[in-house]
Structure formats: C-alpha cells, structure tokens
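The values are calculated or read from the model by the stated rules, or taken from the named source; none is laboratory data. These numbers come from a predicted model, not from an experiment. For neighbour counting, all protein chains shown are included, and Cβ atoms are generated from backbone atoms with ideal geometry for every residue, glycine included.
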Amino acid sequence: MLASGFGLLATELLDTGLLATGLLATGLLASPAVRAPAGWAACALVLGAALALAGRDRAEPTRGSGIADLATLAVLAAVAGCAALVGLGIGGARVAAIDAGALTGTPGEQVSLQGWVGAVPGRDFGEVRVQLETERGRVVAVAPEPVPDLPVGAGVSVRGRLAIPDDFRLAQMTRIGAAMELRTDRIELTGANRGGVAGFLDGIRIRAEDALGAGLDPQRAALARGFVLGQDDRIDPVTAEQFRRAGLSHLLAVSGQNVMLLAILVGVGLAPFGVGLRMRLLITIAAIAVFVPVAGAGPSIQRAGIMGAAAIAATLAGRPADRAYPPLLAAAATLLVNPRFGGDAGWQLSFAAVLGIMLWAGTLRDLVHDRIGARLPGPLARGLSDGVAMTLAATVATAPLIAHDFERLSVASIPANVLVIPAVAPVMWLGMLMGLLGQLPGIPLEALGTVESWILGYIARVAAGLGSPGWAQAEVALPSVGAVAVVYLLVSIGAAVAIAALRRRRGLGHSRVLRTVAPLCLLVGLVVLALPDGRGGVPAADTLEIVELDVGQGDATLIRPPRGAPVLVDAGPPGGAAAEALADRASTVCGRFS
C-alpha cells in the first residue's frame, strides 16, 4: 500500500520529461567538476527506453496495481539516474572540446597572431581585454588604452607576449575556453571580416549599430547599443557606474526582457497585415534565432532566447501551461553549449530572476492591481502592476546572489526600476525598429533617433539621480555558498508568509500608504527630469581624478588621468596596505569585471 500510494503521488507530481530535462541540466552543471563514469553513453539508450515506456504508461494508465506503481517508480528512477549520467558525460565531452580550442604556449613567449574579435571587449582600469579567435586558438588580448572600437567579428592583428593571468582572471577566462593572456601594446584592425553564417550575422549587427547612432550623440548612441544589443564597451565608465549603483545595469545587458519585447514587437507589427497567429509565432521564433547571435550569444541572452522559443513552441503545440519546461529547457540547452556557463554570475542571476518572477510576480501583480485598478485606466494599471510586480520579484530573488558575487546591494534599485518602467518598452521597441530599418539602405532614421535620445536621457537621469548619492548602495557580503542558501531559505519563507498575509488583507496595505508613495514617486520622477546630465558624486570620465588612499601611517596617492593607465605613488614597500586599499577601491568603483 505504501509503495502504491507513493507511486501514484510520484506519477501525479513528476512529469517524466520534466524530470529528465532537470536531471540532464544537473549533470551538465556538475560536469566541469565531476567526471562521468565509464559506459555513460549506454545510459542514453536506457533513458530513451525509459521515456518511451513512460509515454506508453501515460497513454494507457493503470490504476490500482501495486506492481504497476512499482514499475512507475522504477521508470522514474531510471530516468533520473540516466539523465544525470548522460548530462555528466556530454558535459565532460563539451568541456574537453572547448578547452581544446585554447591557445597554449610558454609564458613570456613572443607571438604574432591574426584572428577575429570573438566577444564584446571589456574596458577597465585604462586597458582593454578582448577575446580573440586566432589560427592558434582562443586567447584574451590585453592592451592599454587608447584602443579603437573592436566590433565582434572584425579581423585584428596583434603581437605581444603570452602570460598566465591571476586567479580571478583565469577563472573568467576558463569559462570561455581561454588559458592565456596576450599582453600587447596595441590591437590593429586588419579590415577583414568573417565569412559564412557568422559573417552574415556580423553584417546585420554592424548595420544595426550604425542605425542606432542616427540622430543620437555618441553617449546616447552608446546607451542605445547597450540597451538593444548588449554592447556596453562604449558607455563611459561614469554612466556605467551610475547605472550599476542605481540597480539599472541589467538594462545594459540583453536578457529575457529584450526577447519578450522583441516577440511583442513582431507579433503586433505583423497583425495589421493579416498574418495568422501560427505564422506570427513561427516568424517570432525565427526573429529570436537571429537576435540571439546578433546580440552576442552570451549566457543570459541564450537562456532568454531558448525560453522564449520554448514558450512559443509550447503555445503552438497547445501546451502553454507547461511553465516549468522553458526554464529547464533553457538551462539544459545553454549548458550543452558550455557547461561552465553555470559558474557565470550573469547566468545565475538570469535564472534567479526568472524563478522569482515565476513564483511571486503573479500574486504581487494581482495585489498591486487590486489597489490601483480603480484609480488608473485599465491598460496603464495593468502595465504598472506587471512592472512593479516583476521588479519586486526579480530584485528579491537576485539579491542574495548579488551580495555573494559583488558584496554590495543597490538600495536605489526598486525606486529606480519603478521610475523607468514607462520608458523601458518604448526605448527597446524604438531601438529594435531602428536596427531593423537600418538593414535597408536609404531609410532616414534621425526622427526616430531623436525620440530614442529623449527617452534614453530620462533613463540616464534616473540612473544619475539615484545612483550618485552615497546611500545608493550598501556593502552586504555573503561570502559562502551556505550563507546564500540560508538567506534564500529565509527569503522564501518570508515571501510566503508576507504574500499569504497580503492575500488575507486583499491589498498591499492601507490606502494612505499608496496615497503617500504615488505622489512621492511622481515628484522624484519630475525632479529627475529636471536634472542636468551631471555626474553627481561620480568623477567624470574626462577629468583628472586624484585619490588619497588610506594606508595608515604613510602616503599613497592614486592618479587617474582621463586617458591612459592610472598611476600609483606609494612611499611604502610593495604590496601591503596600498595593495589592500587599491583592491577595496576596485571592488567599489569599477563599473564591471570582464
């Protein structure tokens, strides 16, 4: 009886395909650290047979038989074990293949290389770091500023010496399959471009980049490219820092929000032409398939693209309610591309945000709408309710990971994100439309660019107004994985209790709270609009910055010129207090690590 009851419960609670996808993703996630046992490939046959048997049993269910229930448990166990082992095996093979593409050599060896820019460069501390795909393998070139724009797919020529990076950089490089740095004085563009499908997509990206500069000044154009294409390398460090401190840096990295807005844009744009729903969904999947590589194909945008395509495919198949499949499928698919994506902070934050939205956003949306639905027009109330709910859910769900990875949290995140809710969709849609029209010659885009610039200016003012004050962020550290797990447990319990209490009250709180908060948000928004494009408390990118470091008894001065590498004047011995002070400043000032 116990086996029978448990078997029936397991059959109802666990979809076999869902279980297989989840355990496959788990095996892939563990594969960089755990080696698959010999003979794992045979598990693929067992997995296929178990899934076929589960499908037959589901089509012809048997109830009331203890033997049948035990068979169900056996099938579930076989699916779970084999899926995990298959994930370990495939993941190990993928890791080996990725590592085989790394350039290797002797530290200090002088080399001359030609190749292609493989990813958007990172610009920090007066130097440029860029992933290169060369004839000898994958390498990260490091050169001092100034370095020209390096579009993804552009041909480059470099000469320098090979070096082993420090542990922090090495961990980052290992995730992309690079083992060495190439220290060079300069990176020269050769004028060559990739061919084939990659070259075709490079051409789409370059035309979109050019289109996003029409009618915008260089700073706003850089922001537009960040919003639409995730290219943040041209955004000045001050602006990037303000966005980070205000909790708006996710807007400068393509994610699920971009994919969702792209799907809406395609669906709405095709509807007036009489295109049927099924064809619109198929065209949307094709648009997502092109957008993901054009936007850089990073872990977050891959996750978003796969989730979006999977959700649309579920709609086509008549199973739109299977909400758990898209994130699990996205996890498995992105880890199939590179099992080390699981160690990427962006990948982790992306899935944490999705899970938070899935768990809490629906309830929060209903609660917010209950309070404002009667006070605002229907579409505005629904849009504001969705935006506030998703912001709250994603912020809470990602906070422990942010504290663990970056040891700081943005205090201004929730008000800043609420203030930019009305601007995010228009700025994305206008940018996507400009990028699309830019594929055709001779279409004037300056009028669209002017509107895009105004909206970008508002968002930038929100970032400057709420990101510049000293209170905008707080130092909060969760150094261990155990601490993160405990905080997530407490957050989950607290969220469940709070949502239950709010449901009982049928609202978010006393109406006086909303009557106070709403005008306050409006007032902050108007003040932000009136602010000039100043830099607040963050030093401007075109000024000389001189910082006195706290090293106890002695002097240490950091000089950061507007161009070139910073200079440290230290009267003490190498390392010691000056090195610690620099590390502390790097952890709080740098806009991003790459």
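Quick notes on this one:
- Here A416 meets each of (1) under 30 Å from V268 (Cβ atoms); (2) out of contact with any strand residue (DSSP E or B) (no Cβ under 8 Å at 6 or more places or on another chain); (3) in contact (Cβ under 8 Å) with a residue 12 or more places away in the chain with one exception, condition (2).
- Given (1) closer than 18 Å to V156 by Cα; (2) in contact (Cβ under 8 Å) with a residue 40 or more places away in the chain, number of the condition A208 does not satisfy: (1)
- When the criteria are applied in full, V462 fails the requirement of being in contact (Cβ under 8 Å) with a residue 40 or more places away in the chain, surrounded by 14 or more Cβ atoms within 10 Å (Cβ to Cβ) and either assigned to a loop (DSSP other than H, G, I, E, B) or among the hydroxyl-bearing types (S, T, Y) (or both).
Results for (1) in contact with a helix residue (DSSP H, G or I) (Cβ under 7 Å, 6 or more places away or on another chain); (2) of a type in the set (G, A, S), shown as yes or no for each residue.
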position: W347; (1), (2): yes, no
position: A353; (1), (2): yes, yes
position: G362; (1), (2): no, yes
position: L384; (1), (2): yes, no
position: V388; (1), (2): yes, no
position: A394; (1), (2): yes, yes
position: A397; (1), (2): yes, yes
position: P400; (1), (2): yes, no
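- Residue in region 175-197 that is without any contact (Cβ under 8 Å) to a residue 40 or more places away in the chain, crowded, with 19+ Cβ neighbours inside 10 Å and assigned to a helix (DSSP H, G or I) present: no
- I235 vs. criteria assigned to a helix (DSSP H, G or I), among the aliphatic types (A, V, I, L, M) and either modelled with pLDDT of 85 or more or at negative phi (or both): no
- Scanning region 93-131 for residues that are modelled with pLDDT under 90 and not in a loop (DSSP other than H, G, I, E, B) turns up G122, R123, D124, E127.
- Pick from region 143-174, criterion of a type in the set (D, E) and outside any helix (DSSP H, G or I), ranking: surrounded by the fewest Cβ atoms within 10 Å (Cβ to Cβ): D166
- Selected residue (criterion: nearest to the chain's Cα centre (by Cα)) from residues of region 203-232 that are charged (D, E, K, R) and more than 18 Å from A119 (Cβ to Cβ): R220
- Which numbered condition G442 fails, given (1) modelled with pLDDT under 90; (2) part of a helix (DSSP H, G or I): (2)
- For region 101-116, the condition holds for at least one residue, the condition being that it is of a type in the set (G, A, S), closer than 30 Å to A192 by Cβ and buried (at least 20 other Cβ atoms within 10 Å of the Cβ).
- Looking only at region 231-254, and only at residues there that are among the small types (G, A, S) and crowded, with 22+ Cβ neighbours inside 10 Å, the one that is nearest to P293 (Cα to Cα): A253
- Residue that is surrounded by the fewest Cβ atoms within 10 Å (Cβ to Cβ) [pool: residues in region 397-437 that are in contact with a Gly (Cβ under 8 Å, 6 or more places away or on another chain) and not in a helix (DSSP H, G or I)]: A412
- The set of residues in region 433-445 being in contact with a helix residue (DSSP H, G or I) (Cβ under 6 Å, 6 or more places away or on another chain), among the hydrophobic types (A, V, I, L, M, F, W, C) and touching a residue at least 24 places away in the same chain (Cβ under 8 Å) consists of M434, L445.
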